Structure formats: C-alpha cells, structure tokens
Amino acid sequence: MKVSARNVLKGNVLKVNEGAVNSEVVMQLPGGEQLVAVVTCESAKNLSLKEGSEAIAFIKAPWVMLMTEADDIRLSARNCLKGTVLSVSDGAVNADVVIELAGGSQVRSIVTRDAVEELGLAPGVHATAVIKASHIILGVPA
C-alpha cells in the first residue's frame, strides 16, 4: 500500500473507549510511546479495533505541530511526542523536519522556514511533535 501521508506509524491498540458518536483509540508504538486517535464508533467497529489488535496511524505532515521548550506547557492536543530532530530540509517557503522519538519511530512535520528559525530547529535539538487526536486516520493490516 502506498499513501500520501508522510507519517505511517504502526502499533498495537491498548484500549478503545467507546462514546455515543466517537471512540477514543489508544495505540502503543514500538518504543512504548502512546498515540491517541479519535474515530467514529462505526469506523472502530468496521476496523475491528480492540485491545491487542494491530493498527496503523496515518498523519499528514502539515498536521504535526512542533514545539521546543515544552516542559511547562499544557495543551488540549492529546498527543505530545518528545524526540530529537534528525534533519531539517529547507524549501522555498516551508521545511520538512524529521523527529526521532525515544523508541525509534520517526515523525515528520512540514513547518514554515520562519518557524524553524524561531524554534531553533536543527539536528540534535529536542522537540515535541503535537498532534490532535482528530487528525489521525487509523487503518488495520489486511
């Protein structure tokens, strides 16, 4: 399968909290990091998402925000994944930033070149990838 999403993260479902319309799905990535997604109850049922099942999270790079010096900040976004910048590839307007999480998973973000400068993003810098749970699309292996 080929997809246009730059972030394709595989993991296992830890739990599914079913609500009236949406379900909250908590996944564990290979390095132990947790990723929370919100999908419709119908989608969770159609994908047979349950504790222990495999799942794949698809996240478009522009949906990933980056922060540095984030230890004293609390956000409503459910996913704040700490890591280290591996690379920054500059374009004319935007930059592609790759962050490696402690467990080895990589998260890509597209941010403006101004943001790269303001945040001091460069290889080796500690950064946090911020992803809203509603910006994660889930799939399962066929």
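The values are calculated or read from the model by the stated rules, or taken from the named source; none is laboratory data. Computed from a predicted structure; not experimentally measured. Glycine gets a Cβ as well: all are built from the backbone with ideal geometry, and neighbour counts include every protein chain shown.
Observations
- Cβ pairs under 8 Å, 6+ apart, first in segment 31-53 and touching a residue at least 60 places away in the same chain (Cβ under 8 Å) and surrounded by fewer than 19 Cβ atoms within 10 Å (Cβ to Cβ), second in a loop (DSSP other than H, G, I, E, B) and of a type in the set (G, A, S): G31/A102; G31/G103; G31/G104; G31/S105; G32/A102; G32/G103
- Exclusive hit being modelled with pLDDT of 95 or more and out of contact with any helix residue (DSSP H, G or I) (no Cβ under 9 Å at 6 or more places or on another chain), set L101, L121, L49, L75: L101
- Residue selection: L101 satisfies the criterion of being more than 30 Å from V21 (Cβ to Cβ), outside the structural domain of G11 (by TED's automatic domain parsing) and surrounded by 17 or more Cβ atoms within 10 Å (Cβ to Cβ).
- The residues of segment 18-45 that are assigned to a loop (DSSP other than H, G, I, E, B) and either acidic (D, E) or within 22 Å of I110 (Cβ to Cβ) (or both), listed by number, are L29, E33.
- Test: N17 is at pLDDT 95 or above, within 21 Å of C80 (Cβ to Cβ), in contact with an Asp or Glu (Cβ under 6 Å, 6 or more places away or on another chain) and not assigned by TED's automatic domain parsing to the domain that holds L101: yes
- Answer residue from segment 77-105, given it is free of Cβ contacts under 8 Å to residues at least 24 places away in the same chain and of a type outside the set (V, I, T) and is nearest to V38 (Cα to Cα) among those: E100
- Some residue of segment 11-21 being closer than 20 Å to S76 by Cβ, in contact (Cβ under 8 Å) with a residue 40 or more places away in the chain and surrounded by 20 or more Cβ atoms within 10 Å (Cβ to Cβ): no
- Any hit, segment 113-122, residues being surrounded by 13 or more Cβ atoms within 10 Å (Cβ to Cβ), closer than 15 Å to R6 by Cβ and touching a residue at least 24 places away in the same chain (Cβ under 8 Å): no
- Filtered residues of segment 1-52 (kept if among the charged types (D, E, K, R) and within 25 Å of A102 (Cα to Cα)): R6, K10, K15, E24, E33, E51
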